[in-house]
Amino acid sequence: MRVLLAALLLPLVLAGCSTPIENAGPVATNHVNIPDEWVFEPREIQVKVGTNVTWTNNGKTFHSVTFLDPPFDEDIERNQTVAYTFTEPGTFDYTCKYHPGMDGRVVVTA
C-alpha cells in the first residue's frame, strides 16, 4: 500500500520542483516558434511598440494565434507563418483556441 501511495504522489512532488515558466520572464525577440509539443516557444516575449511579431508553425498539426485584445485570431497551418504589429504598449495574452493550456504573452514597451 505504501508503494502504491508513493507511486501516486511522486509525480505531484516532482511537479512542484520545476521552475514555472512565468518566472523565466519575457525573452527579447519578435519571433515565436510552434514546435510539435503544442507550446509557444518562447512562451513570453518582449518587444517595442511598432514591432512586427511572427509565429511559425513547425509542428505537425494546425494551431491558432488568438488574442482577445487586440482582436486577432489567425489559424496557422503546418509550415506557415502569421504576423501582427503591436502599435500600443501593454501586456497581451494569447492562446491557441484548439489546444487548451497552450498560451503565450507579448509584453510591448514604449
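The values are calculated or read from the model by the stated rules, or taken from the named source; none is laboratory data. Values in this document were obtained by computation on a predicted structure and should not be read as measured data. Don't worry about glycine lacking a Cβ; one is built from the backbone with ideal geometry, like all the others, and counts go over all protein chains shown.
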- Among (1) at pLDDT 95 or above; (2) surrounded by fewer than 17 Cβ atoms within 10 Å (Cβ to Cβ), residue 68 falls short only on (1)
- Query: Only one of (1) over 23 Å from residue 24 (Cα atoms); (2) of a type outside the set (A, V, I, L, M, F, W, C); (3) touching a residue at least 60 places away in the same chain (Cβ under 8 Å) is not met by residue 81, so which one is it?
  - Reply: (3)
- Meets criteria (at pLDDT below 95, surrounded by fewer than 19 Cβ atoms within 10 Å (Cβ to Cβ) and of a type outside the set (S, T, N, Q)) for residue 88: no
